[in-house]
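The values are calculated or read from the model by the stated rules, or taken from the named source; none is laboratory data. Just so you know, these numbers come straight off a predicted model, no measurement behind them. Cβ placement follows ideal geometry from the backbone for every residue including glycine, while neighbour counts extend to all protein chains displayed. Calculation scope for accessible area: heavy atoms of the full protein, side chains included, ligands and nucleic acids excluded. Shrake-Rupley method; radii C 1.70, N 1.55, O 1.52, S 1.80 Å.
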Amino acid sequence: MKLHSTELENFDIEGALAFAQYVSTNARAMWQAATLDQRQKLQKTLFPAGIDIMEDGTLNPSQSAYYQVLAGV
């Protein structure tokens with residue numbers, strides 16, 4: 001348990017929040033600049049259950065916990 005406590009003490013919460021904010025406001029640019037491997041990792045991070053494409057061609061990210069938090073769900 002001591003190792004876990006040390007890891008928590010050393011965790012940079014401000015850095016993590018800044019990175020999350022950066023990703024949420026720059027996801028499109030990150031996607032466009034990413035390699036295939038990076039795109040797959042980004043997609044899996046933001047949409048772990050996948051992305052549903054509706055009949056009209058729009059995306060339904062409702063399964064993404066990330067976007068549910070942003071939407072206040």
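From the set of residues in segment 26-41 that are open to solvent by 100 Å² or more (accessible area, probe 1.4 Å) and at pLDDT below 95, which is nearest to the chain's Cα centre (by Cα)?
LYS41
Please state which one of GLU55, GLU14, GLU7 is modelled with pLDDT under 70, open to solvent by 100 Å² or more (accessible area, probe 1.4 Å) and out of contact with any Leu (no Cβ under 7 Å at 6 or more places or on another chain).
Just a single option satisfies the conditions, and that option is GLU7.
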